[in-house]
Amino acid sequence: MNAIGVDIGGTKIAAGVVSPEGEILNETRYPTQAIPPNRLIETIARAIMEVREGFEVDGACLAVPGFVLTAKNKVIFAPNLHEIENIRLDEEMGRRTGLGVTVENDANAAAWGEFRFGAGKNVDHQVFVTLGTGIGGGVITHGVLLRGAQGAGGELGHVTIDPAGPRCGCGNYGCLEALASGTAVERRAREVANERPRSALGRLAIERQVLGEDVTRLAGEGDEAAISVLEETGVWLGIGLAAFVNIFNPEVVAIGGGASRSGEFIMGPARKEVQLRARSPSRDLVKIRVATLGPESGVLGAAALARGEDGKYVLDPSRRVA
Ligand SMILES: [Zn+2]
């Protein structure tokens, strides 16, 4: 049966009707900025009703950035989305839409999307890391989405990588997010631009604010300063990934989000670091791949989770690794 995935982000709300095979049959988007602060719940409900028009669906799942108690279908903390905090979203949305509605952390939903339809579709064990403004994560082991006791598990972005590192948005110092997110790339680019003012990166920084995509572009044009920023980011990322490989022994690590577009400048050093730091046999098995679904992973994963398939989805034994 089809189900609806709703990806609630800082810039847009995307709702899609998704078939069991992972095809988006219908989709709608609302810019979050245009929604009055007290109309968020109403707008999510409207997006669900609009997108389901003419389709048979048997449930919806909301993918929300922030701290989510999956078991209670509650969002405890969501930056800029305070209207949906601390209420029973399953009841609230169920009453408005007539559907069974669940709630999931957005990175967990995206991880499930990649696991079912993307970079991890042929495996039972996958770690997903998304490099955006922050770093989100999701872990699937034996075909089960790892949530932990409160549904708050899988926060891979807030593992401490360097105790003396920069301050993280969470208040801690030296988290993976503080060292390898898009925001971290921009911070480090400013520092390197100051140190190397005659590099292309340095010259651009004098003209205007340098964005993550500028660093990727300049690296592609051969600017050593920009390349060094991305390589350093890749090393930090790889140190984190090596830990995840040691802990979870995944078959696939999928890297999503905007920063994954910087390609081998980040991924190359990250892979090298995993080979140096993770242990055999885990490091020999793991494939570190760029995620394949792009920004649709949240909608696809949320819809698949709305079907309640988590934990029921494992490969045919003949396709498993020994
Ligand atoms: Zn943190």
Within the group Arg203, Arg261, which residue is basic (Lys, Arg) and at pLDDT 95 or above? Arg203
Which residue out of Val235, Val192 is within 28 Å of Ala107 (Cα to Cα), in contact with a helix residue (DSSP H, G or I) (Cβ under 8 Å, 6 or more places away or on another chain) and not hydroxyl-bearing (Ser, Thr, Tyr)? Val235
Helices (runs of 4 or more DSSP H) fully within segment 118-234 counting 3 or more residues that are surrounded by 24 or more Cβ atoms within 10 Å (Cβ to Cβ) and away from the ligand (no atom under 16 Å from the Cβ): 212-220
Quick check: anything in segment 254-272 more than 17 Å from Thr183 (Cα to Cα) and basic (Lys, Arg)? yes
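Working carefully through the options Ser199, Ser228, find the one that is farther than 21 Å from Thr133 by Cβ, over 28 Å from the mean Cα position of the chain (by Cα) and of a type in the set (Ser, Thr, Tyr). Break it down into steps so the answer makes sense when it comes.
Details: Ser228 fails: over 28 Å from the mean Cα position of the chain (by Cα).
Within the list Ser199, Ser228, the selection yields Ser199.
Restricting attention to strands (runs of 3 or more DSSP E) lying wholly within segment 1-60, give those where 2 or more residues are closer than 15 Å to Ala109 by Cβ.
Filter on segment 1-60 gives 2-8, 12-18.
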Looking at this structure, is Ile13 in contact (Cβ under 8 Å) with a residue 40 or more places away in the chain and of a type in the set (A, V, I, L, M, F, W, C)? no
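This table checks each residue for (1) under 13 Å from Val299 (Cβ atoms); (2) charged (D, E, K, R); (3) within 23 Å of the chain's Cα centre (by Cα).
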residue	(1), (2), (3)
Gly9	yes, no, yes
Ile13	yes, no, yes
Val18	yes, no, yes
Gly22	yes, no, yes
Pro36	no, no, no
Arg46	no, yes, no
Val51	yes, no, no
Gly54	no, no, no
Asp58	no, yes, no
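The rows are residues; the columns are (1) in contact with a Ser or Thr (Cβ under 7 Å, 6 or more places away or on another chain); (2) within 25 Å of His158 (Cβ to Cβ); (3) among the hydrophobic types (A, V, I, L, M, F, W, C).
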{"site": "Thr11", "(1), (2), (3)": "yes, yes, no"}
{"site": "Glu23", "(1), (2), (3)": "no, no, no"}
{"site": "Ala45", "(1), (2), (3)": "yes, no, yes"}
{"site": "Ala71", "(1), (2), (3)": "no, yes, yes"}
{"site": "His82", "(1), (2), (3)": "no, yes, no"}
Of the residues that sit in segment 19-44 and are closer than 12 Å to Leu81 by Cβ and hydroxyl-bearing (Ser, Thr, Tyr), which one is surrounded by the most Cβ atoms within 10 Å (Cβ to Cβ)? Thr43
Please indicate, with yes or no, whether at least one residue in segment 276-284 is at pLDDT 90 or above, surrounded by 19 or more Cβ atoms within 10 Å (Cβ to Cβ), in contact with a helix residue (DSSP H, G or I) (Cβ under 6 Å, 6 or more places away or on another chain) and not in a helix (DSSP H, G or I). yes
With the first residue restricted to segment 151-174 and required to be on the phi > 0 side of the Ramachandran plot, and the second required to be within 12 Å of the ligand (Cβ to nearest atom) and aliphatic (A, V, I, L, M), Cβ contacts under 7 Å at 6 or more apart or on different chains are Gly174/Ile161
Looking at segment 81-117, which of the residues that are of a type in the set (S, T, N, Q) and part of a helix (DSSP H, G or I) is nearest to Gly263 (Cα to Cα)? Asn108
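The values are calculated or read from the model by the stated rules, or taken from the named source; none is laboratory data. These numbers come from a predicted model, not from an experiment. For neighbour counting, all protein chains shown are included, and Cβ atoms are generated from backbone atoms with ideal geometry for every residue, glycine included.
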